[in-house]
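Enquirer: First the structure, which I've put down as structure tokens, then a few questions once you've had a look.
The values are calculated or read from the model by the stated rules, or taken from the named source; none is laboratory data. These figures come from a predicted structure and were not determined experimentally. All Cβ positions, even for glycine, are placed from backbone atoms using ideal geometry, and neighbour counts span all protein chains on display. All accessible areas refer to the heavy atoms of the entire protein, side chains included, with ligands and DNA or RNA removed. Shrake-Rupley method; radii C 1.70, N 1.55, O 1.52, S 1.80 Å.
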Amino acid sequence: MKSNALLLKMSCLAVAVCAAQASFADQPWSQDRQWLLGDWDGQRQQLEKEGYKFTASIMSQSATNLDGGYDDNNTFKNAAQLSLGANFDLEKIAGWKNTSASLLITKRDGNALTLDRIKDPRSSALGNSQEIYGRGKIWRLSQAWVKKGFVDNTVQFKIGRMGMSEDFNGSQCEFQNLLLCGGQLGKSIGSIWYNLPVGLWGANVKYQFAPEWTLGVGVYEVNPDNVKTDGNSDGFNLDMDHVKGATIPVELAWRPKLAVFNGLSGEYKVGALYSTAEANDIATVGKVHDGKHSFWLNAQQQLSQKGDDPKRGLYVSFNAVVNDKATTAVNSTQQLALWYKGPFDGRPNDSIGFGIANYLVNDRYKDRQIEINQSRGYDQYDALAADYVPVQRDELNVELNYTYQWSPAVMLRPNLQYIHQPAGVKEVDDAWVAGLSMRVNF
């Protein structure tokens, strides 16, 4: 396929750049290079000053199984995403005060090690050793929105096509493992909560009612067409013919600016959502609920500062989600991550990260799986029977990584992952995975 060839060529180009040892300011492999393809003889910076910012990047994530998992035959899998975007400062371009717009087109491709080797293929996936994988290998219009500020920009209104974690349940991503990257809702209630690269129709408003406090509320469509991945799926389909309801998130954010943690930056958020779309009961066949709900907590705090550089130092984040027990297979998630930016004076933009994440499967869902197996004559795990349903409990993911920021244009992140009870199935051996993430900004 042409798209596969394109991603492969771009990945090879990035590897060649990273292998270069010389460093000249006017060369693509320079360590102060902002973009791999340069600033277009100064035109790129000039366009940004005028309100036009264009982006092009590729993220590649490779993984290989070292030991354990459902199938311990070693293999190598790579997944990638191409992103092409444009941001417009409409105040500079058209004189519309406090107004901006964004367009983003994405294309995902490749394969997932977790699906091929780590989990029992009869189980639904919980985690993934490559967070960039998923939501189909298709081109998508991921963003097409406009945002307008009112009342000295303390009120911001946004409308268009977007991912939900752009504005709610968002979190830092310093890892390759899916359960440690970004907000958690899309990983546990993906039928109603869509993150990038999926774009959906929605609108939200955020009100900064005090210097440190912001309250946000949004309304987003629940439309299964947005996440179809079969041959008939269309990532540019903008109609709302099959909308099933709306997801309504509410979030309160606190960004302390006083001398909390010695004046270091932090952000704390609590939120809840309600979906009006009908939801099947997780344990009782034929039982349907009028909607579903979830609650979440996001916290991120800088704990220390290295020298005079405000960006260097130790950071911590904690994320937790509690889902509706009546309708959701994953009852709760917990994630704790630490990363240190600028660990070495000679590498101020590098970082070291360590994270741990747990996904706890709903007891009602687990009991239903046991009942199904008993009705089929199984009272213990059967590794070969096609109609056996592996009983899922909880899955624990751990990652240790080093982020090598060659330049603003090129990033490499080798990592080591440990997965306890892949897909929550205790009979599957714990797995060790080696990974490598690479991002290139063109």
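Enquirer: What do you get for the angle between helix 363-375 and the principal long axis of the chain? Use alpha-carbon atoms, 0 to 90 degrees, nearest ten.
Expert: 40
Enquirer: Starting from the stretch 69-144, pick out the chymotrypsin sites (Phe, Trp or Tyr not before Pro) whose DSSP state is loop and whose Cβ has at most 12 other Cβ atoms within 10 Å.
Expert: Passing sites in the stretch 69-144 do not exist.
Enquirer: Taking a ≥ b ≥ c as the square roots of the Cα gyration tensor eigenvalues, with a/c under 1.5 meaning rounded and otherwise prolate when a/b beats b/c, else oblate, which class fits the stretch 30-96?
Expert: The shape class here is prolate.
Enquirer: In the full protein assembly as shown, how much of K325 is accessible to a 1.4 Å probe, in Å² to the nearest 10?
Expert: Rounded to the nearest 10, the figure is 90 Å².
Enquirer: Please work out the Kirkwood hydrodynamic radius for the stretch 233-377, using every pair of different C-alpha atoms, and report it in angstroms with one decimal place.
Expert: Details: mean 1/r = 0.0528 Å⁻¹.
Averaging 1/r across every pair of different Cα atoms and inverting gives 18.9 Å.
Enquirer: Express in nm, to one decimal, how much length is gained between Q374 and A386 on full extension, taking 0.36 nm for each residue of separation and deducting their alpha carbon distance.
Expert: Gain on stretching Q374 to A386: 2.9 nm.
Enquirer: What is the distance in Å between the Cα centres of the stretch 420-437 and the stretch 345-391?
Expert: When both Cα centres are located, 9 Å separates them.
Enquirer: Something else now. Work out how much length F344 to D41 would gain on full extension: take 0.36 nm times their residue separation and subtract the Cα-Cα distance, in nm to one decimal.
Expert: Numbers: separation 303, 0.36 × 303 = 109.08 nm, distance 3.30 nm.
Here the answer is 105.8 nm.
Enquirer: Then there is this: Sorting check: for 188-197, 288-297, 78-87, which peptide has the highest mean count of neighbouring beta carbons within 10 Å, and how do the rest follow? Mind dumping the intermediate values first?
Expert: Details: 188-197: 22.3, 288-297: 17.3, 78-87: 20.0.
For the peptides 188-197, 288-297, 78-87, the packing ranking is 188-197, 78-87, 288-297.
Enquirer: So, one more: To the nearest 20 debye, what is the magnitude of the charge dipole of the chain about its Cα centre, counting +1 on the Cβ of each Lys and Arg and -1 on the Cβ of each Asp and Glu?
Expert: Numbers: 44 positive and 48 negative charges, 172 e Å.
Computed charge dipole of the chain: roughly 820 debye.
Enquirer: Still on this structure, please answer the following. In degrees from 0 to 90, rounded to the nearest 10, what is the angle of the helix 2-19 Cα long axis to the longest principal axis of the chain?
Expert: Value to nearest ten degrees: 60.
Enquirer: If you don't mind, another one. How would F175, F236 line up by accessible area, probe 1.4 Å, largest first? Walk me through the numbers before you get to the answer.
Expert: Numbers: F175 5, F236 90 Å².
Per-residue accessible area, sorted high to low, gives F236, F175.
Enquirer: For every helix of n ≥ 4 consecutive DSSP H residues, a contribution of -39,500 (n - 2.57) applies; sum these over the chain, divide by its total residues, and give [θ] at 222 nm rounded to the nearest 500 deg cm²/dmol.
Expert: Numbers: 5 runs with 47 residues, N = 442.
Result for the chain, helices only: -3000 deg cm²/dmol.
Enquirer: Then there is this: Mind ranking D167, D430 by accessible surface for me, highest first, 1.4 Å probe?
Expert: Numbers: D167 20, D430 50 Å².
Result, largest first: D430, D167.
Enquirer: Continuing with the same structure: With Cβ to Cβ distances under 9 Å as the rule, what net charge do the other residues near G245 carry (K, R +1; D, E -1)?
Expert: Working: positive: K244; negative: E221, E278.
Net local charge, G245 excluded: -1.
Enquirer: Accessible area of M240, 1.4 Å probe, to the nearest 10 Å²?
Expert: For M240, the solvent-accessible surface is approximately 110 Å².
Enquirer: Please report the net charge: other residues with Cβ closer than 12 Å to the Cβ of G42, K and R +1, D and E -1.
Expert: -1
Enquirer: Report, in listed order, any pair from K292/K366; K77/K228; K107/K228; K97/K269 with a Cα-Cα distance greater than 21 Å. Display every interim value, and only then the final one.
Expert: Working: K292/K366 19 Å; K77/K228 23 Å; K107/K228 14 Å; K97/K269 28 Å.
Where the Cα-Cα span goes over 21 Å, the pairs concerned are K77/K228; K97/K269.
Enquirer: In debye, nearest 20: dipole of the stretch 95-208 around its Cα centre with unit charges on the Cβ of K, R (+) and D, E (-)? List each step's numbers first, then the result.
Expert: Details: 15 positive and 8 negative charges, 68 e Å.
It comes to approximately 320 debye.
Enquirer: Just want the answer: with Cβ charges of +1 for Lys and Arg and -1 for Asp and Glu, which residue in I118, V391, I105 is farthest toward the dipole's positive end in the chain?
Expert: Result: I105, furthest along the dipole toward the positive end.
Enquirer: Give a residue-ordered list of calculated ³J(HN,Hα) values for the stretch 265-282 (Karplus: 6.51 cos²θ - 1.76 cosθ + 1.60, θ = phi - 60°; whole Hz; x for Gly, Pro).
Expert: With the stated coefficients, the stretch 265-282 comes to 6, x, 8, 10, 9, 10, x, 8, 9, 9, 9, 8, 6, 4, 9, 6, 5, 6 Hz.
Enquirer: Okay, moving on. Lys and Arg at +1, Asp and Glu at -1: add these up for the other residues within a Cβ distance under 14 Å of A299 and post the number. All intermediate terms of the calculation are to be shown ahead of the outcome.
Expert: Numbers: positive: R255, K269; negative: E251, E267.
Here the charged neighbours net out to 0.
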